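All remarks here apply to the structure that follows.
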Amino acid sequence: DQCGTLGSGNHFLEVQVVDRILDAGAAGVMGLREGQVTVLIHSGSRGLGYQVCDDYLDVFKGAPQKYGFTLPDRQLACAPIRSPEGQAYLGAMRAAANFAWCNRQLLTHQAREVCARIFGKPWEELGMDLIYDVAHNIAKLESHDVGGGEIRQVCVHRKGATRAFPPGHPEIPEAYRDRGRNGGIGQPVIVPGSMGTASWVLTGLPGSMDLSFGSCCHGAGRLMSRTAAVRLAANRRIDKELDAIGIIARARGHKGLAEEQPAAYKDVDAVTEVVERAGLARRVARLRPVGVIKG
């Protein structure tokens, strides 16, 4: 009964407007233009993913003694990747990731249905084509240069990170991989900010392969804990504050909006500028929220 639902925390559906284009060529390939309305969805494997994590934290407790290694922190639960425990976890994690893909497909379908009903046109005529869907907080087996030109298969853990493969990488769709004499644009990289500021669409750069196993940040990042954010929101109406700046926000309760208030997050414009200067991904389009749904 959770498939097709957002979930709580920082999961969201936002209606946004493209308010700035920095790379017109890449934006054109993705079908983005200034003034265009978009829908951005952040949701995952819901309770299934949580249960997989909870179950395998317990399974991994005995791994250090069984396989003869030590951990600096008990929260760094793990097992050798080729062990029975490691292989079982990879299978369960992949199943949860597949659930998450289906979940986002259903959410996308629902968003398209609503827009089609409101505007009286099929979603295809409204141009509601998928630009990209990618998982973060996941471990994937990938081939990378580990130094000196040596290519090895490694398990890349992207916790709090998202993939940022450059043009020409074989694992990204052809439309973004190779396009004309100038090559492709690279993988679309989605970096949400906050429900009161903006989000960015970037594209992966070659530097990400040298510096971060083809990865960059998956969001602006929090400035304060959820507990601190709730304290900061005491006696305030976050929904009214957002409404005053032209953003309609809806959530199940005040606490969710308090935890996710704009002040709880870093400046996404500054964060993505640093990402670009570091050579991880190039900024393409800035998306400003006008409507927000929190799970």
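Does the stretch 153-173 contain any residue that is free of Cβ contacts under 8 Å to residues at least 60 places away in the same chain, of a type in the set (F, W, Y) and surrounded by 24 or more Cβ atoms within 10 Å (Cβ to Cβ)? Don't jump to the end; show me each part of the working.
Let us first name the residues in the stretch 153-173 that are free of Cβ contacts under 8 Å to residues at least 60 places away in the same chain, namely 153-154, 156-157, 159, 161-163, 165-173.
Those left that are additionally of a type in the set (F, W, Y): 165.
Still in the list and also surrounded by 24 or more Cβ atoms within 10 Å (Cβ to Cβ): 165.
Yes, the stretch 153-173 has at least one match.
The residues on offer are P64, P72, and the sole one that is at pLDDT below 95 and over 22 Å from the mean Cα position of the chain (by Cα) is P72.
Tell me the strands (runs of 3 or more DSSP E) entirely within the stretch 184-291 that contain at least 1 residues that are surrounded by 16 or more Cβ atoms within 10 Å (Cβ to Cβ) and either under 19 Å from the mean Cα position of the chain (by Cα) or charged (D, E, K, R) (or both). Show your work before the answer.
Numbers: elements: 188-192, 199-204, 215-217, 248-250.
Result: 188-192, 199-204, 215-217.
Results for (1) outside any strand (DSSP E or B); (2) over 24 Å from L40 (Cβ atoms); (3) at pLDDT 95 or above, shown as yes or no for each residue.
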residue	(1), (2), (3)
E124	yes, no, yes
Y132	yes, no, yes
E142	no, yes, yes
R152	no, yes, yes
P166	yes, no, yes
A175	yes, no, no
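N235 is checked against (1) in contact (Cβ under 8 Å) with a residue 12 or more places away in the chain; (2) on the phi > 0 side of the Ramachandran plot and fails just one. What number does that condition carry? Tallying (1) in contact (Cβ under 8 Å) with a residue 12 or more places away in the chain; (2) on the phi > 0 side of the Ramachandran plot, N235 fails exactly one: (1).
Which of the helices (runs of 4 or more DSSP H) contained wholly in the stretch 1-110 include at least 3 residues that are of a type in the set (F, W, Y), in contact (Cβ under 8 Å) with a residue 12 or more places away in the chain and farther than 28 Å from I185 by Cα?
Working: elements: 24-30, 46-59, 63-67.
Hits in the stretch 1-110: none.
V114 passes all but one of (1) surrounded by 14 or more Cβ atoms within 10 Å (Cβ to Cβ); (2) among the aliphatic types (A, V, I, L, M); (3) in a helix (DSSP H, G or I); which number fails? Unmet condition: (1).
The values are calculated or read from the model by the stated rules, or taken from the named source; none is laboratory data. Keep in mind that this is a model prediction, so the values were computed, not measured. With ideal geometry, Cβ positions are generated from the backbone for all residues, glycine too; neighbour counts draw on all protein chains shown.
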